[in-house]
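Here is the structure we will look at.
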Amino acid sequence: MIEADIHKTLSTANGKMLLDIQLSIEKGEFVTLYGSSGAGKTSTLRILAGLLSADEGKIAVDNTIWLDTVKKINYTPQQRKIGYVFQDYALFPNMTVRKNLEFALEKGQDKSIIEELITIVELKELENRKPKTLSGGQQQRVALARALVRKPKVLLLDEPLSALDITMRAKLQDYILKVHREYELTTILVSHDIGEIIKMSDKIYCLEDGKIDKEGNPISIFTNDKLSGKFQFTGEVIAIKQEEVVYIVTVLIGNNVVKIIAQESEIINLGIGDKVVVASKAFNPVLLKIGK
Amino acid sequence: MNTFSGHISDIQVNESLSMVSIRINEHIVFKTILVETPETASYLKNGSIVDVLFKETEVIISTEDTLLISVQNKIKGTIKKIKRGVLLSRLIVTTEIGDIVAIIATEALDTLLLKENSTVIAMIKVNEIMLSR
């Protein structure tokens, strides 16, 4: 369980902003911080990690106090037992995949964890390669494994997948979910991708100007409860094609691709990569049982 | 999406379903069936302003106003414009509440001998209408 109450004045491009964040995260929960650039997501993550100091605040993880500015307790990043994955991988270029992982070992730590992680994120065939010979997705898998070498309780992911293409992103999401469950991690993700957030998170905090604007279940936050359609999904537009007198819009919903017939008035402000709610009435879909 | 604004004029509830009437103007009332009740959806009350939404592909076009049909929402209009495609055609029907767009099979367009200025009835089944606040 993570209880955090964080206050810090940040200097931003638009002047000073007060970061004022309260988090209450259950053990084993997968939580996402969502919000526009400069809302304070990365600063929150860095303060949790101990990479940035808070002006005032308290962070308690499973009854251990990591930070208490009143009692002058402030654990170092090493003491906090966190795994941190950045957008830009941050691997050592001169070391092989295996060496990158081994470098993260604590003094005297059992090396068997390296083998285990290499198996879990399927790096066996790549273990002797140098990072620059790997694809972005492969490098991020290495970064994910490296973040887990010290068996952290908390995994912090700062937009780890935003530089990857859509297929690679979906694969990495699966790896992240796998390690999240396997190691019973409490994971905090920073992400802008609504499909990704809905797929991965139990809870979402929406940040705006340094404060939590909304929190809750991602589906209820993102789907439109103002619309009576009971068959609603959030997806991303991947293609728009005009045919005859209609448009066919292809939308990626989770791992599924669906097609929707639309009118010019509906696609006029719509582009590839836009997030959309796909809605229909509960009366329209049919159900077909799969298998026996 | 065809969208018209109106206010809720009647709600009949049975278990988790509601049949909602939405008055658009003094003559036209749309009916829709929803898997919602006034308990589950706060906007379901008499007098609430809502938008009625239905897809162009769900609009049925007829040249005669027959009572012997199970479609409950019917509006008389005049075809303002036809855009003909190979399989599908797009009609704009001018009605007293505004333009309704319908996408129908081009074959049906020919069978019904539909032309611009033809008088038609646009029909929408109750289960094809969504409400939005």
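The values are calculated or read from the model by the stated rules, or taken from the named source; none is laboratory data. None of these values were measured; they are calculated from a predicted model. Using ideal geometry, Cβ is built from the backbone for each residue, glycine included, and neighbour counts are taken over all protein chains shown.
Overview of values
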read-out: Every residue from segment B:115-133 that is more than 16 Å from residue B:57 (Cβ to Cβ), surrounded by fewer than 21 Cβ atoms within 10 Å (Cβ to Cβ) and not basic (Lys, Arg); value: B:116, B:117, B:118, B:119, B:121, B:126, B:132
read-out: Selection count where residues are among the hydrophobic types (A, V, I, L, M, F, W, C) and crowded, with 17+ Cβ neighbours inside 10 Å, scope segment A:76-102; value: 5
read-out: Candidate set from segment A:150-172 (those that are of a type in the set (D, E, K, R) and within 21 Å of residue A:116 (Cβ to Cβ)); member that is nearest to the chain's Cα centre (by Cα); value: A:171
read-out: In segment A:225-254, the residues that are closer than 24 Å to residue B:91 by Cβ, among the basic types (Lys, Arg) and surrounded by 15 or more Cβ atoms within 10 Å (Cβ to Cβ); value: none
read-out: Filter pass, residue B:15 being buried (at least 19 other Cβ atoms within 10 Å of the Cβ) and either at pLDDT below 95 or within 12 Å of residue B:133 (Cβ to Cβ) (or both); value: no
read-out: Residue match in segment A:266-287 (condition: part of a loop (DSSP other than H, G, I, E, B) and among the aromatic types (Phe, Trp, Tyr)); value: yes
read-out: Top-ranked residue in segment B:45-91 [being part of a loop (DSSP other than H, G, I, E, B) and within 9 Å of chain A (Cβ to nearest Cβ); ranked as nearest to residue B:130 (Cα to Cα)]; value: B:55
read-out: Filter result (in contact with a helix residue (DSSP H, G or I) (Cβ under 7 Å, 6 or more places away or on another chain) and buried (at least 16 other Cβ atoms within 10 Å of the Cβ)) within segment A:103-128; value: A:104, A:114, A:117, A:118, A:120, A:121, A:123, A:126, A:127
read-out: Residues located in segment A:183-218, provided they are among the charged types (D, E, K, R), more than 13 Å from the chain's Cα centre (by Cα) and farther than 19 Å from residue A:62 by Cβ; value: A:208, A:209, A:211, A:213, A:214, A:215
read-out: Among the candidates A:42, A:32, residue that is modelled with pLDDT of 95 or more and closer than 20 Å to residue A:196 by Cα; value: A:32
read-out: Candidate set: segment A:53-75, residues that are of a type in the set (Gly, Ala, Ser) and outside any strand (DSSP E or B); chosen: the one surrounded by the fewest Cβ atoms within 10 Å (Cβ to Cβ); value: A:53
read-out: Failed condition for residue A:274, given (1) more than 22 Å from residue A:218 (Cβ to Cβ); (2) away from chain B (no Cβ under 13 Å); value: (1)
read-out: Residues located in segment B:58-86, provided they are among the polar types (S, T, N, Q), closer than 21 Å to residue A:228 by Cβ and modelled with pLDDT of 95 or more; value: B:73
read-out: Filter result (in contact (Cβ under 8 Å) with a residue 24 or more places away in the chain, out of contact with any Pro (no Cβ under 7 Å at 6 or more places or on another chain) and basic (Lys, Arg)) within segment B:1-55; value: B:31, B:55
read-out: Options A:257, A:190: the member that is modelled with pLDDT of 85 or more, more than 14 Å from chain B (Cβ to nearest Cβ) and loosely packed, with under 13 Cβ neighbours inside 10 Å; value: A:257
read-out: Qualifying residue in segment A:234-249 (condition: closer than 30 Å to residue A:42 by Cβ, within 12 Å of chain B (Cβ to nearest Cβ) and touching a residue at least 12 places away in the same chain (Cβ under 8 Å)); value: no
read-out: Only listed residue being assigned by TED's automatic domain parsing to the domain that holds residue A:28, of a type outside the set (Val, Ile, Thr), part of a loop (DSSP other than H, G, I, E, B) and modelled with pLDDT of 90 or more, chosen from A:184, A:215; value: A:184
read-out: Those residues of segment A:236-277 which are touching a Gly at 6+ places or on another chain (Cβ under 6 Å) and more than 25 Å from residue B:83 (Cβ to Cβ), in sequence order; value: A:236, A:252, A:253
read-out: Any chance residue B:106 is surrounded by fewer than 20 Cβ atoms within 10 Å (Cβ to Cβ) and either facing another protein chain (nearest Cβ under 10 Å) or in contact with a Phe, Trp or Tyr (Cβ under 6 Å, 6 or more places away or on another chain) (or both); value: yes
read-out: Test for residue B:40: is it in a loop (DSSP other than H, G, I, E, B) and either exposed (fewer than 13 other Cβ atoms within 10 Å of the Cβ) or within 10 Å of chain A (Cβ to nearest Cβ) (or both); value: yes
read-out: Scan of segment B:18-37 for residues that are part of a loop (DSSP other than H, G, I, E, B) and at the interface with another protein chain (Cβ under 10 Å from one of its Cβ atoms), ordered by number; value: B:35, B:36
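Here's the yes/no breakdown for (1) in contact (Cβ under 8 Å) with a residue 40 or more places away in the chain; (2) assigned to a helix (DSSP H, G or I):
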site: A:4; (1), (2): yes, no
site: A:18; (1), (2): yes, no
site: A:27; (1), (2): yes, no
site: A:39; (1), (2): yes, no
site: A:51; (1), (2): no, no
site: A:93; (1), (2): no, no
site: A:98; (1), (2): no, yes
